[in-house]
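Since the structure comes first, as structure tokens, the remarks are kept for the end.
The values are calculated or read from the model by the stated rules, or taken from the named source; none is laboratory data. Note that the coordinates shown come from a computational prediction; the quantities given were computed from them, not determined experimentally. Note that each Cβ is placed from the backbone with ideal geometry, even for glycine, and that neighbours are counted across all protein chains shown. SASA here: full protein model, heavy atoms, side chains in, ligands and nucleic acids out. Shrake-Rupley method; radii C 1.70, N 1.55, O 1.52, S 1.80 Å.
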Amino acid sequence: MLNLTQSSSVASRYQSRESIFNISNRAPPILSSDRRSDVRDEMYAALGRIGCAHILLKHGRVVEVSPTGRAILERRCGSALDTRSLSGAVRELVKCAGVEVPAGSMAWLATSSREGITSLVNQIANVWSDDTCAIVLLDLDARPEPSPRTLQRLFGLTTAEIHVAIELARGGNLLDIARSQHLSRTTIRSHLASLFVKTQTRRQVELVSLLGRIALIP
């Protein structure tokens, strides 16, 4: 359960010395290149947990792809992709959607390997002034799942409870989870009961919905 009793002590410990009048004029902190890379990786991971990816292209060649984007493309092709074959996979993806992604534009595509569909959801022209174009890819087959760190910090879950919560978010049922973790049904049901108490939910569908909503939290 989320512990709010310590909020006042935590707030006082980190109380800002700046007033509301000068805080908006303060220069933003400059992140080091390593820290920027860490922030980017955290953002990619958070977006990946909800099945969202991005691909950047220049002159028809992939210059950047998030890990989730690569995973989606490789799942569609059924094999690992190198830099050259990535560009071909993206062209095939766009062709399946029946659209063009001209230079300077950004397109949102929804795809499902299970259903064999790829569709254009939205497109904006003149996003960039150069030859860059971008594709935001949403995997309709993905099930949003939270990070273990978020579950531990937000609800105080144990390691065993975290495993059960993530498997439920992925669409697993209690029997399969018990088998995969070599646990009895009684133990799994005990973990589920504890999850209900700690997350203040009452039904499994409500719990899974909550887990999906917090999937974007690092």
- Would you be able to say whether some residue in the range 44-61 is part of a strand (DSSP E or B), out of contact with any Leu (no Cβ under 6 Å at 6 or more places or on another chain) and open to solvent by 60 Å² or more (accessible area, probe 1.4 Å)? yes
- Of all residues in the range 105-119 being open to solvent by less than 70 Å² (accessible area, probe 1.4 Å) and assigned to a strand (DSSP E or B), which is nearest to C133 (Cα to Cα)? M106
- Report yes if some residue within the range 120-140 is open to solvent by 20 Å² or more (accessible area, probe 1.4 Å), touching a residue at least 60 places away in the same chain (Cβ under 8 Å) and assigned to a helix (DSSP H, G or I); otherwise report no. no
- the range 188-218: number of residues that are of a type in the set (V, I, T), in contact (Cβ under 8 Å) with a residue 12 or more places away in the chain and surrounded by fewer than 16 Cβ atoms within 10 Å (Cβ to Cβ): 2
- Given the conditions (1) at pLDDT 90 or above; (2) open to solvent by 60 Å² or more (accessible area, probe 1.4 Å), every one holds for L154 apart from (2)
- Quick check: anything in the range 92-104 farther than 25 Å from D141 by Cβ, at pLDDT 90 or above, open to solvent by less than 80 Å² (accessible area, probe 1.4 Å) and of a type in the set (A, V, I, L, M, F, W, C)? yes
- The number of residues in the range 82-98 that are within 18 Å of K58 (Cα to Cα) and assigned to a loop (DSSP other than H, G, I, E, B) is 1
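Results for (1) in contact with a helix residue (DSSP H, G or I) (Cβ under 6 Å, 6 or more places away or on another chain); (2) over 28 Å from R40 (Cα atoms), shown as yes or no for each residue.
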site	(1), (2)
A125	no, no
S129	no, no
C133	no, no
P148	yes, no
S180	no, yes
R189	no, yes
- Restricting attention to the range 90-105, which residues are farther than 19 Å from G48 by Cα and of a type outside the set (D, E)? R91, V94, K95, C96, A97, G98, V99, V101, P102, A103, G104, S105
- Message: Is it the case, given these coordinates, that V101 is outside any helix (DSSP H, G or I) and not hydroxyl-bearing (S, T, Y)?
- Response: yes
